[in-house]
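*Asks:* The structure is given below, and queries will be raised subsequently.
The values are calculated or read from the model by the stated rules, or taken from the named source; none is laboratory data. Predicted model, so just to flag it, every value in this text is computed and none were measured. Please note: Cβ atoms are built from the backbone with ideal geometry, for glycine as well, and neighbour counts cover all protein chains shown.
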Amino acid sequence: MITEKPIRVKISFKIFGLAVSLLGLLGLVAYTSHHKLVRVRKEVQDLAEYVIPITNFVNEVDVHALEQEVHFERILKLYEIEPINRKLITKEQNLFEERSELVDEQIAKAIKLSKQAVTNAFIQKTRQELSQIEPRLERIEKEHQDFHDYSVEIFKRLKQGARNQDIYQLEIKLEEEEYHLNKEIEIILKELGNFTVKAAKLSQRHQQQILLHGFLITSAAIILGLIYASFVTLGVIRPLNYLNKRIKAIKSGGLEEKLKVNSNDEIGLLTTTFNQMLAELEEKEQLKETFGKYVDPRIVAGLEDGGKSLSTTGEKQIISVLMSDIEGFKPIASTLKPEQLVKVINQYLNLLSTSVTDNHGFLEFVETVIKGFWAQPFVSETEHAKLACEAALDQVSKLDELRNNLKETIGENAALSNIDLRIGIATGSLILANMGPKWSMVYTVMGDTVNTASRIKGAAKQYGVRIIMLEETQKLVYKTMETRELGLVQVVGKDDKLRVYELLGYKNKLSENLVQFNNNFAKALELYRQQNWDDAQQKFEACLQFNPDDKPSHIYLEWIQELRNKPLPADWDGVWKLTKK
């Protein structure tokens with residue numbers, strides 16, 4: 001007869017001992033982690049309370065100083081226009097002074113905060129760095145005051161009737177002060193940016209040390225747990241070993257292989273629950289893979305967290321929109337069978353859509369029109385316009401490949417030579433949200449800017465250019481993109497006058513001849529607006545010597561001949577009222 005051996009150590013006691021040991025190790029992890037996290041918190045707090053606000057103040061100074069320079073230039077232009085509009089000049093001078101006060105206010109705030117940081121910052125390195133920022137801020141304050149004084153003196157002389165040549169020396173000094181001011185702002189922003197990056201990396205390194213420390217102690221806890229677990233009854237160990245083997249098999253073989261339930265105890269319940277979880281994961285992966293073909297993967301990812309990262313109720317923000325369409329395709333489409341037409345359109349969309357998605361944009365389609373938009377939180381507020389321009393340039397670079405693909409699909413066709421792209425880019429305030437009925441919603445944008453992008457896409461055809469953008473977009477990309485002002489237009493369905501630009505390419509990557517051509521066109525356009533018909537004609541003709549096929553130059557030459565002997569109203573501004581979409 002087999003007698004039961006007395007239980008020396010109960011399983012409950014073993015489990016309790018394991019729990020106490022693990023809790024002790026976790027307490028050690030918590031203590032050391034807390035000590036290190038306090039320092040990380042102080043480092044981040046210094047950035048949040050001092051470095052980043054100072055950087056924001058300096059950015060505000062940069063913005064308002066640039067606005068002040070714009071108002072200065074406008075005042076100079078107004079003095080060149082006869083008769084002189086004193087009321088408008090006074091308004092611009094008031095705006096000039098308002099921006100000056102804002103610059104002084106932001107500088108004062110930055111200096112005050114830097115002094116507080118030198119005294120109150122937690123980290124010694126932060127105090128040292130910010131102690132070097134204060135003198136630079138004071139230099140910016142002085143440079144701005146000099147800029148303001150020279151500007152006011154120029155206004156005074158202009159008001160007294162001085163000519164441009166009489167204030168030439170003052171303008172030279174003003175440009176020097178403007179250069180020094182912008183240079184000082186650039187230097188301090190660079191220093192603050194470098195310090196922020198260094199501080200962030202240091203905090204990251206400290207966090208990694210915390211993780212490593214926790215990992216080592218947790219690993220020790222796991223080893224200790226395995227030693228304790230080896231004393232658990234064979235009846236518990238056997239199903240656990242089986243469960244462990246089957247989990248490894250599932251890890252290497254996919255989610256399809258389910259675990260076999262061998263017991264009716266807690267381990268069996270755990271196995272059953274695990275099988276249910278595997279089934280749900282498999283269904284979720286299949287659903288995610290299917291959705292990815294119809295919905296932007298970022299939307300699918302956003303839905304995984306319950307849509308917390310997506311704007312579902314509507315949010316207004318500044319967004320850039322691109323509208324791109326293929327030109328010269330309708331004559332070809334009318335000759336194709338339905339299956340051929342679908343294949344050709346899919347080839348076109350597959351080729352050009354990647355220009356939008358590769359540049360982090362969202363895609364929508366309306367027949368052959370590709371609509372892309374760039375919005376937060378998926379791109380930063382400083383990048384959306386630049387990314388839209390890069391997508392447009394990439395689409396144009398694929399034009400020859402598109403023609404070759406169409407030729408391979410439909411064969412030789414004389415109409416292929418007429419295939420081209422027309423792209424409109426607009427930037428403005430739009431509503432970003434999930435739209436549609438509850439059972440079928442679309443993450444999209446809504447607002448007048450979308451319609452404007454579509455309208456100026458049509459204007460691109462009439463101007464004979466491929467990529468056209470609004471002035472709001474051009475102001476955001478002029479440092480990185482080379483553009484050409486085409487003029488003022490009034491598109492169909494809108495009363496507003498829109499200043500539009502052609503996107504030529506990346507800054508500093510165009511040939512010297514093309515840059516000269518662009519400068520000549522800008523001068524010609526200015527002469528045209530001044531109704532200096534002879535000089536304007538000469539400049540536009542010089543543009544055609546460089547590019548005989550430049551349609552905007554031909555258009556303006558036609559207008560010059562039409563307007564040369566025609567009396568024009570005093571408020572004539574050369575706007576082109578378009579009659580086609």
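*Asks:* Filter segment 323-337 for residues that are assigned to a loop (DSSP other than H, G, I, E, B), over 17 Å from I370 (Cα atoms) and not aliphatic (A, V, I, L, M) and give the result.
*Replies:* If the condition is that a residue be assigned to a loop (DSSP other than H, G, I, E, B), over 17 Å from I370 (Cα atoms) and not aliphatic (A, V, I, L, M), then S334, T335, K337 are the ones that fit.
*Asks:* Looking at segment 375-398, which of its residues are crowded, with 16+ Cβ neighbours inside 10 Å and not in a loop (DSSP other than H, G, I, E, B)?
*Replies:* Passing the criteria: H384, A385, K386, L387, A388, C389, E390, A391, A392, L393, Q395, V396.
*Asks:* Looking at segment 538-551, is at least one residue in a helix (DSSP H, G or I) and over 19 Å from Y463 (Cα atoms)? Don't jump to the end; show me each part of the working.
*Replies:* First, pick out the residues of segment 538-551 that are in a helix (DSSP H, G or I): 538-546, 551.
Subset that is over 19 Å from Y463 (Cα atoms): 538.
Yes: one or more hits.
*Asks:* Give the residue, chosen from L363, L351, that is more than 20 Å from V450 (Cα to Cα) and under 23 Å from the mean Cα position of the chain (by Cα). Quick ask: steps written out before the conclusion?
*Replies:* On the way: L363 fails: more than 20 Å from V450 (Cα to Cα).
Result of the check over L363, L351: L351.
*Asks:* So, in segment 73-92, of the ones that are among the charged types (D, E, K, R) and in a helix (DSSP H, G or I), which residue ends up surrounded by the fewest Cβ atoms within 10 Å (Cβ to Cβ)?
*Replies:* Going through the qualifying residues, I end up with K87.
*Asks:* Out of curiosity, is T483 modelled with pLDDT of 90 or more and part of a helix (DSSP H, G or I)? Before the answer, list the steps.
*Replies:* Numbers: modelled with pLDDT of 90 or more: yes; part of a helix (DSSP H, G or I): no.
Spelling it out, it is not the case that T483 is modelled with pLDDT of 90 or more and part of a helix (DSSP H, G or I).
*Asks:* Take the residues of segment 443-452 that are touching a residue at least 60 places away in the same chain (Cβ under 8 Å) and under 14 Å from E364 (Cα atoms): which is surrounded by the fewest Cβ atoms within 10 Å (Cβ to Cβ)?
*Replies:* T444
*Asks:* Are any residues in segment 399-424 in a helix (DSSP H, G or I) and in contact with a Leu (Cβ under 7 Å, 6 or more places away or on another chain), and if so, which ones?
*Replies:* L399, E401, L402, R403, N405, L406, K407, I410, L416, listed by residue number.
*Asks:* A further question on this structure: Have a look at G424, G361, G372, G428 and point out the one that is without any contact (Cβ under 8 Å) to a residue 40 or more places away in the chain and among the small types (G, A, S).
*Replies:* G361
*Asks:* Assuming V491 fulfils every condition listed in (1) under 14 Å from L578 (Cβ atoms); (2) surrounded by fewer than 21 Cβ atoms within 10 Å (Cβ to Cβ) apart from one, which condition is it?
*Replies:* Answer for V491: the failing condition is (2).
*Asks:* How about segment 500-509: which of its residues are in contact with a helix residue (DSSP H, G or I) (Cβ under 8 Å, 6 or more places away or on another chain), exposed (fewer than 15 other Cβ atoms within 10 Å of the Cβ) and without any contact (Cβ under 8 Å) to a residue 60 or more places away in the chain?
*Replies:* Scanning segment 500-509 gives no hits.
*Asks:* Continuing with this model, one more query. Pairs only if they're at least six apart or on different chains, beta carbon under 9 angstrom, first in segment 41-57 and assigned by TED's automatic domain parsing to the domain that holds E191, second among the hydroxyl-bearing types (S, T, Y) and modelled with pLDDT of 75 or more; list them, first residue then second.
*Replies:* These pairs meet every condition: L47/T196; Y50/S114; V51/T196; I52/T196; I54/S114; T55/T196.
*Asks:* Still on this model: So which residues in segment 79-97 are over 36 Å from the mean Cα position of the chain (by Cα) and of a type in the set (S, T, N, Q)?
*Replies:* N85, T90
*Asks:* Additional query: I'm checking my understanding of the structure. Among residues of segment 45-72 that are modelled with pLDDT under 80 and surrounded by fewer than 17 Cβ atoms within 10 Å (Cβ to Cβ), which one is farthest from E141 (Cα to Cα)?
*Replies:* Q45
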